[in-house]
Amino acid sequence: MTLLAAALAVCLLVALITILRQRSATALLEQSLRERRTVLNDFLAQGTDSRWSRLCSTANELVAEVNRLNKANTGQLAQLDATLGSLSEAVLIVDPGNYVMFANQAVEAIFPQARNILRQRVEVALHSREFLSFIEQVRAGNAEAQREIEFFSGSESVWIEATGAMIPSLQGGGESWALFVLHDITKQKKLEALRKDFVANVSHELRTPLSIIKGYAETLVDGHRDMRFEDRDQFLRTILRHSERLSSLLEDILTLSRLESKNPGLHRELVLINALVSSIVDDFRSRPPAREHVFELNMDSVIPELLLDPLKLTQVFENLLGNAVKYTAKGSHIRIAVRRKGPELELRVADDGPGIPASDLPHIFERFYRVDKGRSREKGGTGLGLSIVKHIIQLHGGRVWAESEQGKGTTFIIVLPIKSAA
Ligand code: ADP
């Protein structure tokens, strides 16, 4: 009985050891396949079962073949990378399953959020249905030569001009891969949108005074004989006011387009800035709308002569002082300061008027942006003055911005480099 029990225990132990050995052997084989390593020879030799040995040999052959194909493939991709890697045009290759097989550095420059896109599905990496449909059309051979596609990444969008073609797979076999050249046209698209906006804004701005002039002129033509003298007088004055508005609008548009052109007509000369600013302020003080404001001028005494365009700088002050008068009540204080701050010159125009709301402040230098449209138009504003100021200051290598607190006033600050100008 004891003998039988002992034999049974031995059999159980042997079975257990065999199961454990098979389990660890299978795990080792699986790991080797996963890591594409050949199964160790001594491990193979340990096998007592011939089926086991055959399985290991077949696994080794498979691993060797996969490694060989991979090496060849990596070699071709490396060659491709050496050729196209530093090209300024973005090049992207996808396999029939839409996995990205190649992407050069320019792809990452265009889509900085798409890191490590190799071997990712293209829709996961680049998030664009339209691009996906373009890939399908290129595969089907019915895509247009080029397609403009908008890619969205967060709040920003990137515009791409894509061209696609089919190429033989770099892994061999019958399947074809699709190659795309992507050209970043975001800048052109933004400029185009700006231009369209500008044209729409200009048309809108011109339409209002023109239709007023036309309406009043028509009424005068039809009824001037029967009209009271005072009405006729008022009609003619309205026509005059709106023609003046039209002409200042056209003048500002022309000034802006000149400033934005390749030759903005900057005529620099050595200028004593204190003398220039004093004469502009004196001239301003004597004009009717500004007479009732209080001008305070504060200037550092030793400021070197600067190389700048005096007429353009006068235009900057005309706009800033004009706004300070336009948007503040009679009797308001307008403080002008000229200070040397190390290598820079700081010019300030500050008023104690109503100020500009914080939400409007970042936009006031944009073309046609007005905080209060009615007020600006009523005061003869074109909405272009601060754009002109910004362009002139930037042409002089400086910067300009505004600080404001509602109910307390607004300060425009201009900083010009002394060194580069002198
Ligand atoms: P505008 O011809 O309308 O004055 P600007 O480009 O000169 O156009 O100014 C843009 C807008 O900024 C103005 O319409 C006005 O709403 C606001 N603004 C400019 N300067 C001042 C100021 N000193 N105080 C209050 N608001 C101002």
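The packing ranking of peptides 139-149, 96-106, highest mean first, is 96-106, 139-149, where packing means the average number of other beta carbon atoms within 10 angstrom of each residue. For the listed residue pairs K196/K379; K390/K419; K326/K390; K196/K312; K190/K312, the alpha carbons are over 22 angstrom apart in K196/K379; K196/K312; K190/K312. Ordering S203, S155, P264 by the projection of their Cα atoms onto the charge dipole of region 133-264, which places +1 on the Cβ of Lys and Arg and -1 on the Cβ of Asp and Glu, puts P264 at the extreme positive end. Straight-line cross-link partners of K341 among the aspartates and glutamates, defined as a Cα under 16 Å from its Cα and at least 8 positions apart when in the same chain: D300, E305.
What is the dipole size for region 190-259, taken about its Cα centre, with +1 at each Lys and Arg Cβ and -1 at each Asp and Glu Cβ, in debye to the nearest 20? List each step's numbers first, then the result.
On the way: 12 positive and 12 negative charges, 47 e Å.
Charge dipole, region 190-259, about its Cα centre: 220 debye, nearest 20.
Need one word for region 190-259: rounded, prolate or oblate. Basis is the Cα gyration tensor (sqrt eigenvalues a ≥ b ≥ c); a/c below 1.5 gives rounded, then a/b vs b/c decides. Verdict is prolate for region 190-259.
Annotation for Q137 and I185: the two label points, set 7 Å from Cα along the Cα-Cβ direction, are 1.3 nm apart.
Under unit Cβ charges (Lys, Arg +1; Asp, Glu -1), what dipole magnitude, rounded to 20 debye, does region 269-417 have relative to its Cα centre? Please report the intermediate quantities before stating the final value.
Details: 20 positive and 19 negative charges, 85 e Å.
In total the dipole reaches around 400 debye.
Taking a ≥ b ≥ c as the square roots of the eigenvalues of the Cα gyration tensor of region 242-391, is the shape rounded (a/c under 1.5), prolate (a/b larger than b/c) or oblate? Don't jump to the answer; show the numbers that get you there.
Values: a/c = 1.62, a/b = 1.17, b/c = 1.38.
Judged from the Cα gyration tensor, region 242-391 comes out oblate (a/c at least 1.5, b/c at or above a/b).
Based on Cβ point charges of +1 for Lys and Arg and -1 for Asp and Glu, what charge dipole magnitude is obtained for region 74-162 about its Cα centre, in debye rounded to the nearest 20? Don't skip to the end; give the middle numbers.
Working: 6 positive and 12 negative charges, 67 e Å.
Rounded to the nearest 20 debye, it is 320 debye.
Region 135-166 and region 216-269 have their alpha-carbon centroids 48 Å apart.
Round to a whole angstrom and tell me the spacing of the C-alpha centers of region 327-341 and region 355-404. Region 327-341 and region 355-404 have Cα centres separated by 16 Å.
Search the structure for amide H atoms under 5 Å from the amide H of V271, placed 1.01 Å from N in the peptide plane, and list their residues when 5 or more places away or on another chain. Amide H neighbours of V271: L306, L307, L308.
Under the shape rule built on the C-alpha gyration tensor, where the axes satisfy a ≥ b ≥ c, region 323-404 is oblate, since a/c reaches at least 1.5 while a/b does not exceed b/c.
Quick note: the coordinates plus some simple rules give every number you see, no bench work behind them. Bear in mind the structure is a predicted one, so any value in this text is a computation, not a measurement. Note that each Cβ is placed from the backbone with ideal geometry, even for glycine, and that neighbours are counted across all protein chains shown.
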